[in-house]
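*Asks:* Quick one: this structure, given as structure tokens, is what I'll be asking you about.
The values are calculated or read from the model by the stated rules, or taken from the named source; none is laboratory data. Remember, it's a predicted structure, so these values are computed and weren't measured experimentally. As a convention, Cβ positions derive from the backbone with ideal geometry for all residues, glycine included, and neighbour counts pool all protein chains shown. The protein model used for the area step is the full one, side chains on, heavy atoms only, and it has no ligands, DNA or RNA in it. Shrake-Rupley method; radii C 1.70, N 1.55, O 1.52, S 1.80 Å.
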Amino acid sequence: MQNSKSKRGLNYSILAIVIFVVAIIFQVMISGMNAEFWSLLIGVFILISFGLAIIGAVYTIAGLKEGASIEQIIGLTISSVFLFIISYFLIEIYKRY
């Protein structure tokens, strides 16, 4: 059975959200510690989730040729909101420095 591009995009978007939530949980767990390694690991998780959200959005947009489906709507919504949130935070960090 072959996965459609819309379904693949939805899976990537959900995976991006899961990895982002794991990064937030790690951030909360190490908030009292001064651990550079953990901060680097959290940054890597966030970058991976950002990349997965982009891949999910690309697959979902490529799946628009297949016809309208609920997977497209959900995948595009999740990817768009997630990319907007991450972009906003990156811009705010950039403004500080």
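*Asks:* Please list, short to long, the whole-number percent of alpha-carbon pairs of the stretch 39-93 in consecutive 5 angstrom bins beginning at zero.
*Replies:* 4, 20, 24, 22, 13, 9, 5, 2, 0
*Asks:* I'd like to check one number: the per residue accessible area of the chain, probe 1.4 Å, reported in Å² as a whole number. Working shown, then result.
*Replies:* Details: 6850 Å² over 97 residues.
Accessible area per residue: 71 Å².
*Asks:* Further question on the same structure: If I take every Cα pair under 8 Å that is 6 or more residues apart in the stretch 7-97, average their sequence separation and divide by the length, what percent do I get for the relative contact order?
*Replies:* Once normalised by length, the contact order is 41 percent.
*Asks:* Here is a follow-up. What is the distance, in nm, between label points placed 7 Å from the Cα along the Cα-to-Cβ direction at Phe37 and at Tyr94?
*Replies:* About 3.2 nm, to one decimal.
*Asks:* A follow-up question, please. Could you pull out which residues in the stretch 1-30 have an amide N less than 20 Å from a spot 7 Å beyond the Cα of Leu64, following the Cα-Cβ vector?
*Replies:* Under cut-off, by backbone N: 4-14.
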